[in-house]
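*Asks:* Quick one: the structure is below, and I'll ask about it shortly.
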Amino acid sequence: MTSYWHPFADMGVVEASGELPIVRGEGAYVFDADGRRYFDATAGLWYCNVGHGRAEIAEAVARQLRVLAAYNNYGDLTTPAASELAERVAAFAPVPGSKVFFCSGGSDAVDSAAKLARRYWYELGRLEKTLIVSRVGAYHGVNGFGTSIGGIPPNRDGFGPLIEGAQVERDSAAALADTIDRLGAERVAAFFCEPVVGAGGVFPPPPGYLEEVERICRERDVLFVADEVITGFGRCGRWFASERFGLQPDLLTCAKGITSGYLPLGAVIASPRVAEPFFRPGVMWRHGYTYSGHAGACAAALANLDIIERERLVGGAADLERELVEALAPLSEHERVREVRAGTGVLAAVALEGDAALSARTLAELRSRGVLSRVLADGALQISPPFVTTRADLDTLAEAIADAVEAAAVALTGGGV
Ligand SMILES: Cc1ncc(COP(=O)(O)O)c(C=O)c1O
């Protein structure tokens, strides 16, 4: 064991049973140090949209780093890569005329959006509009605001007082309206919402839900923030899930798929309404990161977007959505599977009939069958592979899950669920 403290890890277990170093990736597969191949059922952590091993992105980054690795973007400074990327991302934005602010990942994007929402109302003289409403089961990263508005209790516990706000039932638009009305709309700055709940368990929105919560926010003068850190850059079969659901969020957070994970990068897309007060002379949003607009990261993103466009991977993801539904369908008949959630993008979860031990053991059995997945907050298995996954890969995956859960149940209980 090395000195490495892993993220989101039970280090006692890791120390006892060892690490699994992943050394190489190719398409929808990764390889360990012994050359064993694994299907990447999670695209890393929902990010590797274009698949692993894209030399084109590595070369674009190397070209950029040779010329200029990074330079600060504070004040009037920029680099060609950052400006070009902002233009390209703005062109996909759900609201025309949007502005793009860069940071280093999804948690930064969420905290930037939360600060921006509060500061927006401050600029308008509405100093009391500071509360942020979010959803039970939501994941919005691990920074200060993200931890406070996150709806997965173990991620919030034990840190002392968090930033004041409120959480509403996941799929109830009425609960949002009631909560804003109870708090007083004059105190609520924003509602944050993942179009498809990701880390909480992959829960697609019920029909009409997103449209309705957006309407409720508009009606009450509360900013509507779409956290598209997972759903952005094609994962829902459109550039953004907002486009799929006809949403016009005031703020949109993204990361992951913007570079497919080749380098860390996040962004906040601000609609003209929110950006406008900050673009007046004499107003400054005193916020930014050392690596905002990092040239190397932006070069990775530009090369990644080139691949997505050239290979039509957003349309490919829409096709893959259907194939994922078809391939996983037989699993819903499996006696040890409680529910298969799929049908909104290249995003699915397989919930098992059993406790956390069964999920954990199934994960281990999957590994030994050449599949890397992950257990989500509700105990379900995460299925969100790269967009270069084939139907044959998905069929093999579904068979591996069926075998693995069976083997796990036998190992744990001698056969019973
Ligand atoms: C919806 C959502 N928001 C924010 C984040 C945080 O992103 P990061 O881990 O890049 O900080 C994540 C990460 O999975 C996410 O799924």
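The values are calculated or read from the model by the stated rules, or taken from the named source; none is laboratory data. The structure displayed is predicted, hence computed values, not measured ones. We place every Cβ from the backbone using ideal geometry, glycine too, and count neighbours over all the protein chains shown. The area values use the complete protein model at the heavy-atom level, side chains included, leaving out ligands, DNA and RNA. Shrake-Rupley method; radii C 1.70, N 1.55, O 1.52, S 1.80 Å.
*Asks:* Checking residue 76 against (1) open to solvent by 80 Å² or more (accessible area, probe 1.4 Å); (2) within 16 Å of the ligand (Cβ to nearest atom), only one condition comes out false. Which one?
*Replies:* Single failed check for residue 76: (2).
*Asks:* State whether the residues of the range 395-410 include one that is out of contact with any strand residue (DSSP E or B) (no Cβ under 9 Å at 6 or more places or on another chain), within 25 Å of residue 47 (Cα to Cα) and without any contact (Cβ under 8 Å) to a residue 24 or more places away in the chain.
*Replies:* The answer is yes, given that some residue of the range 395-410 is out of contact with any strand residue (DSSP E or B) (no Cβ under 9 Å at 6 or more places or on another chain), within 25 Å of residue 47 (Cα to Cα) and without any contact (Cβ under 8 Å) to a residue 24 or more places away in the chain.
*Asks:* Can I ask one more? If you take the residues of the range 88-122 that are charged (D, E, K, R) and more than 14 Å from residue 271 (Cα to Cα), which of them is nearest to the ligand (Cβ to nearest atom)? First the steps, then the outcome.
*Replies:* Kept after step one, since they are charged (D, E, K, R), are these residues of the range 88-122: 88, 99, 108, 111, 115, 118-119.
Then drop every residue that is not more than 14 Å from residue 271 (Cα to Cα), which leaves 88, 108, 111, 115, 118-119.
Values: 88: 20, 108: 7, 111: 9, 115: 15, 118: 18, 119: 20 Å.
For the range 88-122, the residue satisfying everything is 108.
*Asks:* Separate question: List the pairs whose first member sits in the range 6-22 and is farther than 16 Å from residue 32 by Cα, whose second member is assigned to a loop (DSSP other than H, G, I, E, B) and open to solvent by 90 Å² or more (accessible area, probe 1.4 Å), and whose Cβ atoms are under 6 Å apart, counting only residues at least 6 apart or on separate chains?
*Replies:* Close Cβ pairs (under 6 Å, with a partner that is assigned to a loop (DSSP other than H, G, I, E, B) and open to solvent by 90 Å² or more (accessible area, probe 1.4 Å)) amount to 15/1.
*Asks:* Check every one of the strands (runs of 3 or more DSSP E) wholly within the range 123-236 and list those with 1 or more residues that are more than 16 Å from the ligand (Cβ to nearest atom) and surrounded by fewer than 19 Cβ atoms within 10 Å (Cβ to Cβ).
*Replies:* The qualifying strands (runs of 3 or more DSSP E) are 165-168.
*Asks:* Looking at the range 62-78, I want the residues that are under 26 Å from residue 287 (Cα atoms) and have a partner that is of a type in the set (Val, Ile, Thr) and open to solvent by 80 Å² or more (accessible area, probe 1.4 Å) with Cβ atoms under 8 Å, at least 6 apart or on another chain. Which pairs are those?
*Replies:* 72/290
*Asks:* State the number of residues belonging to the range 359-389 that are farther than 16 Å from residue 349 by Cα, free of Cβ contacts under 8 Å to residues at least 60 places away in the same chain and not in a helix (DSSP H, G or I).
*Replies:* Step one: filter the range 359-389 for residues farther than 16 Å from residue 349 by Cα, giving 361, 364-365, 367-370, 387-389.
Those left that are additionally free of Cβ contacts under 8 Å to residues at least 60 places away in the same chain: 361, 364-365, 368-369.
Now narrow it down to the ones that are not in a helix (DSSP H, G or I): 369.
Residues meeting the conditions: 1.
*Asks:* Residues in the range 343-354: is at least one more than 26 Å from residue 235 (Cα to Cα) and either surrounded by fewer than 18 Cβ atoms within 10 Å (Cβ to Cβ) or at pLDDT 95 or above (or both)?
*Replies:* Yes: the range 343-354 contains one or more residues that are more than 26 Å from residue 235 (Cα to Cα) and either surrounded by fewer than 18 Cβ atoms within 10 Å (Cβ to Cβ) or at pLDDT 95 or above (or both).
*Asks:* Could you list, in sequence order, the residues of the range 97-122 that are open to solvent by 50 Å² or more (accessible area, probe 1.4 Å) and under 21 Å from residue 82 (Cβ atoms)?
*Replies:* 97, 99, 115
*Asks:* Related question: Residues 286, 341, 310: which one is of a type outside the set (Ser, Thr, Tyr) and touching a residue at least 60 places away in the same chain (Cβ under 8 Å)?
*Replies:* Details: 286 fails: touching a residue at least 60 places away in the same chain (Cβ under 8 Å); 310 fails: touching a residue at least 60 places away in the same chain (Cβ under 8 Å).
That would be 341, the only listed residue that is of a type outside the set (Ser, Thr, Tyr) and touching a residue at least 60 places away in the same chain (Cβ under 8 Å).
*Asks:* Out of the range 239-259, which residues are surrounded by 21 or more Cβ atoms within 10 Å (Cβ to Cβ) and either in a loop (DSSP other than H, G, I, E, B) or of a type outside the set (A, V, I, L, M, F, W, C) (or both)?
*Replies:* Within the range 239-259, 239, 240, 242, 245, 247, 249, 250, 253, 255, 256, 257, 259 qualify.
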